[in-house]
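Taken together, the values in this text are just the output of simple stated rules run on the coordinates, not laboratory data. Predicted model, so just to flag it, every value in this text is computed and none were measured. Ideal geometry is used to build each Cβ from the backbone, glycine not excepted, and the neighbour counts take in all protein chains shown.
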Amino acid sequence: MISQNKLFSTSILLLSLALPLPALAQQQTISAISQPVEVKRVLDPSEYTLGSGDRLRIDIFQAKDYSGEYAIVSDGTITLPLLGNIKVKGLTIAQTTNLLKRKYADYLKVSVVTVILSQPRPLKIAIAGEIDRPGSYEVALKDDLQYPSVSDLMELAGGITTAADVRQVQIRRVISGKNEVLTANLWDFIQQGNKDEDLTLQDGDTIYVPTVDQINVAETPMLASANFGIQPVESLNVAVVGEVYRPGTHKIESKLDKENPQSTLPRLSEAITQAGGIKPLADVRNVEVHRLTRTGTQQVINVNLWEMLQSGDTNKDVVLQKGDTIIIPKADKLDSSEVSTLSSATFAPATIRVNVVGEVKKPGPIDVPPNTPLNNAILAAGGFDMERADVQTVDLIRLNPDGTVSKQKIRIDLAKDISDANNPTLQNEDVIMVERSRQTTASDRIQTILKPFGSIFSIFRFFAF
């Protein structure tokens, strides 16, 4: 059974080391062993040495009252009938069997003793650094005495963070009474399948996963595919500020897919979408993701979302981590040719708002999908008021990125496809003005002129009555 030992905190773990873990990272070239001591993944039972926490099944021939299961306590001893406390720590099963035969020979005529390891003690291994759940762990060995590897422990601890340097994972170990540091290149293990880099762990080892100097976004998919890699989460909170419609803290939720974990990793584009999408003046070429590492430092990941849109490479869509802050800056100017591409991106707003005013059946603001053509907006407003509207032309009023306002007269043809001249695509906050026809204008003027006379005629009719 594998369980996290809650009694040991990461801070206690760090203080218990002769060198602080960050210091170990700096001194790895001095302390690293060029030829690591080999530890067999599956240990021959005859080579297993006993220690505190092991449980032994001891059977004594024709002495059932003395037979039973005994645990090795913290001082490395077992308490047996007739013999009392016997120290067995550091002995193999065969050595323990011979020791007990000699001891019981003083009390029994036939000293036949059988010793079986009924339950091996769990290994105590600590892990810290860029890992999801750092701390001290107890790892139970399997029945075949299979020891865990570095990747096993990292998987148990929830996987690495996005800032982990898997090329320089360090294992602190006591070898021949001296503290040494082994280095494992797990990137080589992921890419080349080099199992020699996935070192086998021993009881008392401490693993430290350092922070990478600069996060390589292109490596994220490979790290996510590893069993000890970046793990998908059900939800996380990130902050999005700048040129988005709903700046602030947002929760990104995802449906976990064990068969394809990469597809459920929280991405930058999802966070921008949660924040209402980008505004027209968003500078998507210079997006920044600010991330706090386990060492307390802050990393800045520069992202060019425009490049991602052009190339279609979704690997450039940064995988997010809890506590990230996303900054969408404001562009000095925006190329009008890029507006259509940006408005159709996944991180663009789901709808834009345009105003249709004047001689339509339902004048006022309406919400339409991005890149909606002008004709569709007029139809969404109920269409022209055929008795009053000028159905030949409309005015398109637009607020430009540089702050100026432009006015364009559009000759309407409702049968036309999208075109800049007759049916342009709309942008957020565009205003479509439908003027009155000439006949309607003239009629309205006549009514305005005759209105005072109408009031006089009403008075005469009153007195006449």
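Annotations
- Computed over every Cα-Cα pair of segment 49-119 and binned at 10 Å starting from 0, the pair-distance distribution P(r) comes out as 22, 61, 17, 0 percent.
- Its convex hull of Cα atoms gives segment 352-434 a direction-averaged projected area, equal to a quarter of the hull surface, of 4.9 nm².
- Each peptide in 167-173, 129-135 was scored by the mean count of other Cβ atoms within 10 Å over its residues; highest first, the order is 167-173, 129-135.
- The packing ranking, built from the mean of other Cβ atoms within 10 Å per residue, places the peptides 317-323, 393-399 in the order 317-323, 393-399, highest first.
- Residues whose amide H lies under 5 Å from that of Gly229, counting only those 5 or more places away or on a different chain, are Ile160; hydrogens are built 1.01 Å from N in the peptide plane.
- Residues whose amide H falls under 5 Å from that of Ser118, counting only those 5 or more places apart or on a different chain, are Arg55, Leu56, Arg57, with hydrogens built in the peptide plane.
- Beta bridges by DSSP in segment 109-263, antiparallel share as percent, to the nearest 5: 85 percent
- Normalised by 2.2 N^0.38 Å, where N counts its residues, the alpha-carbon radius of gyration of segment 150-198 equals 1.23.
- Computed extension gain for Thr314 through Ser67, at 0.36 nm per residue and net of the alpha carbon distance, reaches 82.4 nm.
- For Lys251, net neighbour charge (Lys/Arg +1, Asp/Glu -1) across residues whose Cβ lies under 13 Å away: -2
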